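J.: Starting off with a structure, shown below.
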Amino acid sequence: MAASLSDQQLDAPAGGRFVGREHRLAMRVYFEDTDLSGVVYHANYLRWMERARSDMLRLAGIDQRAAHDAGEGAYAVTDLHIRYRAPARLDDAVVVASRLIAVRAASCVIHQQVIRAEAILADADVTAAFVAPDGRPRRQPSAWISAFRPLIWADDDDL
């Protein structure tokens, strides 16, 4: 008898995956993502990148919610450089690829690309700082830094 998926497995939200050290999250462009011309509104690229970063952290073993609920802090984007290269359009299948570039005591730098087929539609360099509940930077948990180390994109890897 063939194994079947449970209702709970079938109802689980779609998530990303790691391909080597790169996290990949596949998405579809829906009507709500576009403007009147059917082109993706610029701010939605940022929403997709945020979703991909959150998924990447979760898959890496970083429990942001537990840290927040325990009063330890949370990540906040402190620097963002984005380049829009080509438009995504209604019903396109896109992938948000995320690569951890650097990890510091209180922050990490992530390079992200929104890709359709082989075309890079947008790319960004994002610095996320770990901040205490009062908004001041603080050292991120050492277990998180340890979880990040094997994921850091090396200088000899292709960007």
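J.: Picking from S146, S37, S107, which is most flexible by a Gaussian network model of the chain using Cα springs under 10 Å?
T.: Among S146, S37, S107, the largest GNM mean-square fluctuation belongs to S37.
J.: Could you tell me the relative contact order of the stretch 1-106? Use alpha-carbon pairs under 8 Å, at least six residues apart, and round to a whole percent. It would help to have the intermediate numbers written out before the result.
T.: On the way: 96 pairs, mean separation 44.4, N = 106.
Reported relative contact order: 42 percent.
J.: Next up: By how many nm would the segment from R83 to S54 grow when fully extended, if each residue of separation counts as 0.36 nm and the alpha-carbon distance is taken off?
T.: 8.4 nm
J.: Let me ask something else. Please list 3J(HN,Hα) in residue order for the stretch 137-142, calculated via the Karplus relation 6.51 cos²θ - 1.76 cosθ + 1.60 where θ = phi - 60°; whole Hz, with x for glycine and proline.
T.: x, 8, 4, 6, x, 4
J.: Evaluate the distance, in nm, between pseudo-label points positioned 7 Å from the Cα of E72 and of I120 along their respective Cα→Cβ axes.
T.: A separation of 3.3 nm, rounded to one decimal place.
J.: What is the local net charge at I115, summed over the other residues whose Cβ is closer than 12 Å to its Cβ (Lys, Arg +1; Asp, Glu -1)?
T.: Numbers: positive: R24, R85, R116; negative: E22, D92, E118, D123.
Overall, the nearby charge balance is -1.
J.: Run the numbers for V19 and D35: contour at 0.36 nm per residue of separation, minus the present Cα-Cα distance, in nm. Provide the component values of the computation, followed by the final result.
T.: Details: separation 16, 0.36 × 16 = 5.76 nm, distance 3.23 nm.
The span from V19 to D35 would gain 2.5 nm if fully extended.
J.: Additional query: If you stretched the chain out fully between R104 and L46, how much longer would it get, using 0.36 nm times the residue separation minus the C-alpha to C-alpha distance?
T.: Using 0.36 nm per residue and subtracting the Cα-Cα distance, I get 18.6 nm.
J.: Here's another thing I want to ask about it. Considering only D11, D55, D69, give the residue with the highest GNM mean-square fluctuation for the chain, with springs between Cα atoms whenever their separation is below 10 Å.
T.: It is D11.
J.: Quick one: Kirkwood hydrodynamic radius for the chain, alpha-carbon pairs, angstrom, one decimal?
T.: Numbers: mean 1/r = 0.0589 Å⁻¹.
Averaging 1/r across every pair of different Cα atoms and inverting gives 17.0 Å.
J.: For the stretch 93-159, with all protein chains present and a 1.4 Å probe, just round the carbon and sulfur fraction of the accessible area to a whole percent.
T.: Working: 1670 of 3260 Å².
Roughly 51 percent, rounded to a whole number.
J.: Looking at the stretch 1-109, which trypsin sites (Lys or Arg not before Pro) are in a loop (DSSP not H, G, I, E or B) and have at most 16 other Cβ atoms within 10 Å?
T.: Details: sites: R17, R21, R24, R28, R47, R51, R53, R58, R65, R83, R85, R89, R99, R104; in loops: R21, R85, R104.
Filter output for the stretch 1-109: R21, R85, R104.
J.: Okay, moving on. Tell me which of A119, G38, M56 sits at the most positive position along the dipole axis of the stretch 12-159, charges placed on C-beta atoms (Lys, Arg +1; Asp, Glu -1).
T.: Of the options given, the answer is M56.
J.: Over the stretch 68-117, average the accessible area per residue using a 1.4 Å probe and give it in Å², no decimals.
T.: Heavy-atom accessible area per residue stands at 49 Å².
The values are calculated or read from the model by the stated rules, or taken from the named source; none is laboratory data. Just so it is clear, the structure is predicted and the values come from calculations on it, not from any experiment. All Cβ positions, even for glycine, are placed from backbone atoms using ideal geometry, and neighbour counts span all protein chains on display. SASA here: full protein model, heavy atoms, side chains in, ligands and nucleic acids out. Shrake-Rupley method; radii C 1.70, N 1.55, O 1.52, S 1.80 Å.
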